[in-house]
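Here's the structure we're looking at; comments come further down.
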Amino acid sequence: MCVLEGPDLVEEALETGQELEALYLAASASNDPRFGAAVTRALSAGVRSFALAPGVMEKVADATTPQPILATMRFHVGPLADVDFRGCSLILHDVRDPGNAGTVIRSADAAGADAVIFTGHSVDPFSPKTLRATAGSIFHLPVVVAELTDALTQARTAGARTWAAIVRGGRPFGDVALAESSVVVIGNESEGLDDNAVALCDERLSIPMSGRSESLNVGVAASLILFEAMRQREGTARQSGRPSLGGS
């Protein structure tokens, strides 16, 4: 079970066919039109509803200033078999910040990635903070929890190339073929990938930087890589669809 806080996550869960176990409403929710659609939709789907006494929501919700609606949901952590590895997938290894993890899932959804795989001592992808940071994108693509070695083995079996994202010394990420059958492994916020994790990957890539910053935020780095994969993919699609002017 996990907790969805706020009407946006509740509505997105219902929209994508998730199984809500119960809906919990603070007294202010019933008089606020902003929450009516989420409540009506949940009740129409047969979700049980419970009214909370004043002050209870502030005690049970994770957010510092909670919205007056939350739901509990039965979540499904997909197996590696759910990932086909035909496009670009991302592995978060030992990424511990829920905001970064949620941002990566949101960017992966926007950029059309195949999956986001959590390995090592990464944050729980279904923790309340991570869920809020995904803005509902967690319901749109496979989110998998696995061992790093298992994920890389499965990727190679499927014909994917595996890349370790390192701060310096790797191939410039714009020169790497990311559009098809690629997996990029990104390490944690303070130390990146350790030597053992880097050694498990086929090759290394880096994001060139011209300023004085030592490194990029995990969410930013992952987003740049994911959207570079999308740019390459869309560029290939445009080229393949271009009519030929030459003779046969």
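The values are calculated or read from the model by the stated rules, or taken from the named source; none is laboratory data. Values in this document were obtained by computation on a predicted structure and should not be read as measured data. Cβ atoms come from the backbone with ideal geometry, glycine included; neighbour counts cover every protein chain shown.
Observations
- Some residue of the range 128-140 being of a type in the set (Ser, Thr, Tyr), more than 26 Å from Gln232 (Cβ to Cβ) and surrounded by fewer than 24 Cβ atoms within 10 Å (Cβ to Cβ): no
- Selection over the range 124-179 of residues that are free of Cβ contacts under 8 Å to residues at least 12 places away in the same chain and hydroxyl-bearing (Ser, Thr, Tyr) gives a count of 2.
- Being in contact with a Pro (Cβ under 9 Å, 6 or more places away or on another chain), surrounded by 14 or more Cβ atoms within 10 Å (Cβ to Cβ) and assigned to a strand (DSSP E or B) holds for only one residue in Leu4, Leu20, and it is Leu4.
- Scan the range 7-17 for residues that are of a type in the set (Gly, Ala, Ser) and loosely packed, with under 13 Cβ neighbours inside 10 Å and the total you get is 1.
- Residue in the range 143-153 that is part of a loop (DSSP other than H, G, I, E, B) and either closer than 21 Å to Val3 by Cα or of a type outside the set (Phe, Trp, Tyr) (or both) present: yes
- Here the condition is being at pLDDT below 95, in the same structural domain as Glu228 (by TED's automatic domain parsing) and within 22 Å of Leu200 (Cβ to Cβ); of Val167, Val95, Val123, it holds for Val167 alone.
- Residues of the range 59-118 that turn out to be hydroxyl-bearing (Ser, Thr, Tyr) and either part of a helix (DSSP H, G or I) or surrounded by fewer than 15 Cβ atoms within 10 Å (Cβ to Cβ) (or both), as a count: 4
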